[in-house]
Amino acid sequence: MLKNNMVVSKAFHLNWKDIMSVKPAPNLKEAGVLLLHYISHATNKILLVKTLQIQGIRNCDQWIDLINHHISVSGRPKRLFVVINPIGGAGKGLHVYYDTVEPLFKLASIETSVIVTERSKHALNIAESTDFSHFDGIVIVGGDGLYQEILQGLTVQVQKKDGVNYNHCDQELHKLNVPLGIIPAGTGNGVTRMINGVIDVRTAALNIIRGEHHRAQVFTVYNNNKLLCVCGLIFAYGMFSDLIKRTDELRWMKRLRYPFAIIGTLMKRKRMFQAELHYRLSVLDSMNEGSSLAVCMTWQQAIGLNCPKVSDVAEWMTIEPAIQDYCCIYALPFELIPKDNHNIVNPYGQHVQLIVCTGCSKLAVFKSFFDFLMGKTITSKPGSLEVIKNIRDFKLKAVYGIQDRSSSQDVRNTALDHLIDVDGEVLNLETDEIIVRLQNSFVPLFGCRLLEGHQQ
């Protein structure tokens, strides 16, 4: 009996969030044998399902009721709305969900309502029109593109419901309350890597089951006096938007289009564009700002609108000279947090870095992007690549007509000047002015807080 009590003790040293289910062992209930399925945390951030056999239990039904009670009050979702992209990535969305994810949800006694997208922007319409009040979360089976559609549709739904003028760039948006979980089944799975620490289907599903969620920051992007999109992974203008446009043209190559387009981009002559670039820092950081690149500007001067001044952020600043040549401008809604001898990419921060590429090579632009994703510090090189830290908002105004547009290549360049990259999708601009605002603690995401590590 002592040995059996030690086994029971081991079971109850688990975090209640990690206990998936407890059931009588087949044909052994009368013998007092229970099977407890729980989540095990590996050192490499991978989560696994393990089973503990508990023997010598009296009153099995009482123990099952007790454990299930603690599970029910641990914050675990009970009902989830699942959206599956069946053609994203390698077309493995349905296979990933029904073979791996659904059995885990069933083991944890989570009810689901599943919908499969049927066309482009279908997920956007679903998120904008569906009543999610009876669900504890939305599960996205796909990649960064599907996440962006759900994020934007849900944002618009909440603002409409609350009577918020979401098309006004200075309007404070109401935050989302329904947690989102992402199962990596797309071509790009950057967001799920940020919130789970690893790209792994089972780990993502188990983090959703645990129910732990934290509020992430996102960008809202405005063009032509209206909300253009909500951005959860990357906003880019210039080289990266050119690259995504090229991958769209090569869709017949399927997944091979990405390496082919990257190689082609590196081999071609670097395309430059002219623009005005303005930005604002968070208030505390702006007090220490002394960069020779920046001069203070008023809100009205910076964005050209009669908007009231926002009191919780600094004055607008601009990069000098006011108009200059750029290769690429990009930002990710993540913050680099120093930890030990490296940085952690934190999606739950308060400000971001703006990467401004002027005279650097295209290879250096790619390197800066991947260095950021790996948590490496990007070093500013004046006149080549500039890193502006602690950004809250920024504004880009492209200057067209700097080249002779009589050639076919210049005509193509003109079209490229009207494109931006948002989470790996190319969007068309209606005017030359883009305003990007950082929305702090905006969307709850199922996942672990990587700064603190996994809870054991």
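The values are calculated or read from the model by the stated rules, or taken from the named source; none is laboratory data. Remember, predicted model here, so these are calculated numbers, not experimental data. Methodologically, a virtual Cβ is constructed for each residue, glycine included, from the backbone with ideal geometry; neighbour enumeration extends over all protein chains shown. Just so you know, the surface numbers come from the protein's heavy atoms only, side chains and all, with ligands and any DNA or RNA stripped out. Shrake-Rupley method; radii C 1.70, N 1.55, O 1.52, S 1.80 Å.
Data overview
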read-out	value
Residue in segment 144-165 that is outside any helix (DSSP H, G or I) and in contact with a helix residue (DSSP H, G or I) (Cβ under 7 Å, 6 or more places away or on another chain) present	no
Odd one out for residue 86, checked against (1) under 30 Å from residue 425 (Cβ atoms); (2) assigned to a strand (DSSP E or B)	(2)
Residues being open to solvent by 10 Å² or more (accessible area, probe 1.4 Å) and either among the small types (Gly, Ala, Ser) or not in a strand (DSSP E or B) (or both) - total across segment 333-358	6
Selection count where residues are of a type in the set (D, E, K, R) and closer than 23 Å to residue 395 by Cβ, scope segment 212-269	3
One residue from 126, 138, 64, 84 being within 21 Å of residue 21 (Cβ to Cβ) and open to solvent by less than 40 Å² (accessible area, probe 1.4 Å)	64
From the options 201, 283, 221, residue that is of a type in the set (Val, Ile, Thr), at pLDDT below 95 and in contact with a strand residue (DSSP E or B) (Cβ under 9 Å, 6 or more places away or on another chain)	283
Residue selected from segment 226-242 under the condition among the aromatic types (Phe, Trp, Tyr) and under 18 Å from the mean Cα position of the chain (by Cα), by the criterion surrounded by the fewest Cβ atoms within 10 Å (Cβ to Cβ)	240
Selected residue (criterion: surrounded by the most Cβ atoms within 10 Å (Cβ to Cβ)) from residues of segment 359-386 that are at pLDDT below 90, in a loop (DSSP other than H, G, I, E, B) and of a type in the set (A, V, I, L, M, F, W, C)	378
Selection within segment 112-141 - in contact (Cβ under 8 Å) with a residue 60 or more places away in the chain and in a strand (DSSP E or B)	139
Residue satisfying condition, being out of contact with any Lys or Arg (no Cβ under 9 Å at 6 or more places or on another chain) and surrounded by fewer than 15 Cβ atoms within 10 Å (Cβ to Cβ), within set 25, 42	42
